[in-house]
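K.L.:
Quick one: this structure, given as structure tokens, is what I'll be asking you about.
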């Protein structure tokens with residue numbers, strides 16, 4: 001559970017005196033508020049967190065897809081999806097953690 005993990009990290013830092021369950025409640029309420037704002041604003045929603053990245057809601061248009069098991073075309077309806085564009089600082093930190101190696105975006109299949 002990521003909210004509990006965040007609360008434990010906060011408790012290790014400046015929030016030692018605050019009970020863990022109160023930190024969890026504040027974090028949960030914050031994430032719920034962000035989710036409600038995203039739903040209300042739809043594709044116009046953006047949330048920038050410095051040194052982390054920008055969350056935004058993107059509208060995927062309706063399209064025609066292909067089901068390989070049934071070998072037939074199918075209509076895929078439009079939908080809103082939540083995207084994260086990571087900041088430069090976060091990308092650099094992740095590269096440093098991985099030993100300076102950039103990960104492949106789409107690894108190829110081994111034959």
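The values are calculated or read from the model by the stated rules, or taken from the named source; none is laboratory data. Just so we're clear, the structure is a prediction, and the values are computed from it rather than from any experiment. Quick reminder, even Gly has a Cβ in these numbers, built from the backbone with ideal geometry, and neighbours come from all protein chains shown.
K.L.:
Do we find a residue being in contact (Cβ under 8 Å) with a residue 24 or more places away in the chain, surrounded by 14 or more Cβ atoms within 10 Å (Cβ to Cβ), touching a helix residue (DSSP H, G or I) at 6+ places or on another chain (Cβ under 9 Å) and within 26 Å of residue 90 (Cα to Cα) anywhere in region 30-45?
P.N.:
no
K.L.:
Is it the case that region 46-66 has a residue that's touching a strand residue (DSSP E or B) at 6+ places or on another chain (Cβ under 9 Å), closer than 15 Å to residue 83 by Cβ and part of a helix (DSSP H, G or I)?
P.N.:
Residues of region 46-66 touching a strand residue (DSSP E or B) at 6+ places or on another chain (Cβ under 9 Å): 46-49, 52-60, 62-66.
Next, from what is left, pick out any that are closer than 15 Å to residue 83 by Cβ: 46-49, 52-60.
Imposing the further condition that a residue be part of a helix (DSSP H, G or I) reduces the set to none.
Checked region 46-66: no residue is touching a strand residue (DSSP E or B) at 6+ places or on another chain (Cβ under 9 Å), closer than 15 Å to residue 83 by Cβ and part of a helix (DSSP H, G or I).
K.L.:
Quick one: in region 59-111, which of the residues that are in contact with a helix residue (DSSP H, G or I) (Cβ under 9 Å, 6 or more places away or on another chain) and surrounded by 10 or more Cβ atoms within 10 Å (Cβ to Cβ) is modelled with the highest pLDDT?
P.N.:
Step one: list which residues in region 59-111 are in contact with a helix residue (DSSP H, G or I) (Cβ under 9 Å, 6 or more places away or on another chain), which gives 59, 80, 82, 86, 101-103.
Checking the rest, the ones that are also surrounded by 10 or more Cβ atoms within 10 Å (Cβ to Cβ) come to 59, 80, 82, 86.
Values: 59: 88, 80: 86, 82: 84, 86: 91.
Among those that are in contact with a helix residue (DSSP H, G or I) (Cβ under 9 Å, 6 or more places away or on another chain) and surrounded by 10 or more Cβ atoms within 10 Å (Cβ to Cβ), it is 86.
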